[in-house]
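Just below is one structure, and these are the notes that go with it.
All of the numbers you see were taken from the coordinates with simple rules; none came from a lab. Remember, it's a predicted structure, so these values are computed and weren't measured experimentally. Ideal geometry is used to build each Cβ from the backbone, glycine not excepted, and the neighbour counts take in all protein chains shown.
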Amino acid sequence: MRASEPVTLNFANAEIEAVARTMATITGRNVVVDPRVKGQLNLVTERAVTPAAAFQQFLAALRLQGFTVVETAGLYKVVPEADAKLQGGSVSVVQGNAGSAPSGGQIVTQIFKLNFENAANLVPVLRPLISPNNTINVNPGNNSLVITDYADNLQRLARIVAAMDVSNASDVEVIPLRNAVAADLAPLVARLIDGGSAPAATPGQADTSFKTTLIAEPRSNSLILRAANPARVAQVRALVDRLDQPPAPGSSAASGNIHVVYLKNADATKLATTLRAAMAAMGAGGGTSTGGGASPAAAPSTGLSGGSNNSGSMLSTGSGLSGNSSGLGAGSNTMGTASTNNNQPSTGGQIQADPTTNSLIITAPEPLYRQLRTVIDKLDGRRAQVLVESLIVEVAANKVAQFGIQWQGILGKQGDGTIGVIGTNSGAAGSNIIGLTAALASGSTTSIATAATGLGAGMNLALAPRINGQYYLGALANFLQNSGDANVLSTPNLMTLDNEEARILIGDNVPFVTGSYANTGNNGTVNPFNTVERKDVGLMLKVRPQIGENGMVKMAIYQEISKIDRSTLSNATGPTTSKRAVESNVVVDDGSIIVIGGLLEDTYSQGEDKVPLMGDLPVVGNLFKSENRSRRKTNLMIFLRPIVVRDTATSDALVVDRYEAIRALQQTTQPAPSLMMGTVSGAPVLPALPAPAANKPAATPAVPQPQQ
């Protein structure tokens, strides 16, 4: 039979594998059947059909049985429908409305690249129209849909996608304002139109990429609008026109020109000072007065407040001749009024800060207020933070060697009126041979014990002959070799706002005597009186980071390491402290490590006590001298690493890292189980760090409180 000849189908309860072999013969195609495909088919035609039509009827019959055909490199495989998406098949791409889906009843994969609509928005629409065993996936990278389904169903889906992938967002509209201030009107209109800020879209839900967007443009005092459709644009325009009206006669906006600006991030007190200085400079540079009058000399003007009070102000009005000015209060009033400098150039406005609400109270004409509002919006931004990690490494090595021989002898015999003493000694009192001899000669047990404690460290060899019933120290030899190493690592960290100084101190607050005098009482008793000053001793780090261009961080640094010499604690004049400090200004990339200072010290000292001439003799001279040598090496380096924290995600990552590290350390220091200590079974441990919650109550403690 030739593949092009019409055929009449008449299969009644035929095995699927047999029908597949027949279709391969009729169509001239290579057909294989998966071993899992079992069952019977009924396939009958009333008249002769083409081989292609017969094959399509075969595919339809298989689909009713839960099977399908997948084509791979000219080979047609009959497989269960559930596994068809895992088999190789043809893949086609449709860009917008261009291209067409393949036809037929086999399983194919098609990629739809969308031009306007968000691919995630179409998933809940198309998912019910796809066979349960087949898939639809979103690639957000290029805004495309990947659908695997029957070819004839993909043709229907392609028509639906083409109908929905149209531009549904209007062009950007610019709405100029005549009376209202753009920065004030934009958030009000946005709340009225969209009901406040919308939450982020979750998977499977429509996103808000085409919701109404309204942005204030302070430079031209306009609103920039982007809406989902022309109807929404008309709605926003109508609302803006109704709100953009001149102030009603007699209102505060028309007469007093008083405005309250609530700040989001900046400090009201500091910002008010900055704005006052800017207004003063603007007035000195040729600013014009806004007061009314026939001539400048007779025009009353509103002076710029120069007072230091920041808690608010009371409105006082007045007029004056020859340029007299009236302002918001006087500097002597402690209830929140500020003085007006008559010699100060008038800019027609005043600025006061209310720290309680962190807001600015601005009294100024509308044009000046708009200029100030533009500056305020730029300065009231969220400031980045900087985490400064400090690494202080100190490595020290000490070596000491000491050798010495002291001896003493008596010249004379018993009964002589005069005897002589000859010998050598070295060292501090109590540790030399004379002090030890005096203790032995006294015969006192206490004196001998005291003298013995004064022996030098190391190995001591002594010879004490007995003369006339008393012991005399004839010779004393001392040998000592000492070595010691120290390795200190300190890592103080601190976080601060951009261009704000931060300070961390880890140490003690030590009293130092600064003065002393005697106070004589009524009964003649002298009572000493000391004046004491306390100072911080320990590790201190002060840093002021400033974030520059391209992530560069400029840091003004002061680091100090001080400690007390324990051997001087009992001194009458107070203890002695050693101090190592470095002060510098450096520039470093975000996240990079820089060394800001270091000390490499290698000290060698040598001391020798000897008898002249005798101590210089070879070999024998060692009996007449004592020698000590010491060497000390100190390596101190200070490293810094700034990390810029611009958003919550970076801050959370740093918090989680350090929180989990200290929590793991706490868990490793738990006490071992003890039968005798059962009442104290464990040390407190930090709880697991909870996931950030947007609606978490502010009063919720970070660490659960113990039950009473």
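Some observations on this one:
- Here the stretch 600-672 is assigned +1 on the Cβ of each Lys and Arg and -1 on the Cβ of each Asp and Glu. Its dipole about the Cα centre then comes out at about 40 debye.
- Of the trypsin sites (Lys or Arg not before Pro) found in the stretch 17-87, those that fall in a DSSP loop while having at most 15 other beta-carbon atoms within 10 Å are 36, 38, 47.
- If R0 is 51 Å, the Cβ-Cβ spacing of residue 8 and residue 137 corresponds to a FRET efficiency of close to 0.75.
- Bridging of residue 542 to lysines at a Cα separation below 17 Å is possible for 554, 579, once same-chain residues fewer than 8 apart are set aside.
- Stretchable slack from residue 576 to residue 603, in nm (0.36 nm times residue separation minus alpha-carbon distance): 7.7 nm
- Note on residue 397/residue 675: beta-carbon distance plugged into 1/(1 + (r/R0)^6) with R0 of 45 Å gives a FRET efficiency of 0.45.
- Pairwise Cα distances in the stretch 10-82 exceed 15 Å for 49 percent of all pairs.
- In sequence order, the stretch 269-282 has phi-based couplings of 5, 5, 5, 4, 4, 5, 5, 4, 5, 5, 5, 5, 5, 5 Hz under the Karplus curve 6.51 cos²θ - 1.76 cosθ + 1.60, θ = phi - 60°, and Gly or Pro positions carry x.
- Under the combined filter of DSSP loop state and at most 14 neighbouring Cβ atoms within 10 Å, the stretch 112-185 retains these trypsin sites (Lys or Arg not before Pro): 178.
- Two-site label geometry, residue 224 and residue 15: point separation in nm, points 7 Å out along Cα→Cβ: 7.2
- Calculated FRET efficiency for the pair residue 651/residue 542, C-beta based, R₀ 30 Å, to 0.05: 0.85
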